[in-house]
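Working notes, beginning with the structure itself.
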Amino acid sequence: MNRIAIVIYSKLEGAGISAVYRALMFVDELLRAGDDVALVFDGAGSTALAEVLKPESALHRAWTKAAPALRGVCANCAKSYEVREELEAAGIPMLGDDRGHASLRGLLLEGRQIITF
């Protein structure tokens, strides 16, 4: 079993749409294979999470398949990109274990390979 962390930094604009879609599909593939996956949204990716949560989003179906792997979203970035309240209302965990940011080192200490999109 692989221990992997997928970190999404892309927003849903331009090539970012493909990156987020591919990341969500990869998470689904890993989950189906029985791998241990942690999905984190960071930076501008916090806005992508706010969008894919909406049922009318073109990526909502892909999101629902990847959702079981969600670790959370960077608290500081969600605030900076003005989606924190919306994500908190949706029950999304806020990650702030590195001075208010999601800790990538923490993922490494769990023995995870980090892949970014």
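The values are calculated or read from the model by the stated rules, or taken from the named source; none is laboratory data. Predicted, not measured: the structure shown is a model, and the values here were computed from it. Cβ: placed from backbone, ideal geometry, glycine included. Neighbour counts: every protein chain shown. When the accessible area is computed, the model is the full protein with side chains, heavy atoms only, and any ligands, DNA or RNA have been set aside. Shrake-Rupley method; radii C 1.70, N 1.55, O 1.52, S 1.80 Å.
Couplings 3J(HN,Hα) of the range 20-30, computed from phi: 5, 4, 5, 4, 5, 5, 5, 4, 4, 4, 5 Hz, in residue order, whole Hz [Karplus 6.51 cos²θ - 1.76 cosθ + 1.60, θ = phi - 60°; x for Gly and Pro].
Sparse packing (at most 13 other Cβ atoms within 10 Å of the Cβ) combined with a DSSP loop state is found for the following GluC sites (Glu not before Pro) in the range 78-117: Glu82, Glu110. In this structure the amide hydrogen of Asp98, modeled in the peptide plane, comes within under 5 Å of the amide hydrogens of Ser103, none closer than 5 places in sequence on its chain. Accessible surface area normalised per residue over the range 22-117 is 51 Å², counting heavy atoms of protein chains with a 1.4 Å rolling probe. Rounded to the nearest 20, the size of the Cβ-charge dipole of the chain about its Cα centre is 200 debye, with Lys and Arg at +1 and Asp and Glu at -1.
The slack in the chain from Glu29 to Arg3, taken as 0.36 nm per residue of separation less the alpha-carbon distance, amounts to 8.0 nm. Remark on the range 1-114: Rg and Dmax equal 13.1, 37 Å (Cα only). What a 1.4 Å probe finds exposed on the chain is 50% carbon and sulfur by accessible area, rounded to a whole percent. Within the assembled protein chains, the solvent-accessible surface assigned to Thr116 is about 80 Å², based on a 1.4 Å probe. Ordered by solvent-accessible area of protein heavy atoms (1.4 Å probe), largest first, the residues His101, His60 come out as His101, His60. Using R0 = 22 Å, the C-beta based FRET efficiency linking Lys65 and Arg99 works out to 0.10. Measuring only protein heavy atoms, the 1.4 Å probe finds Ser10 accessible over about 30 Å².
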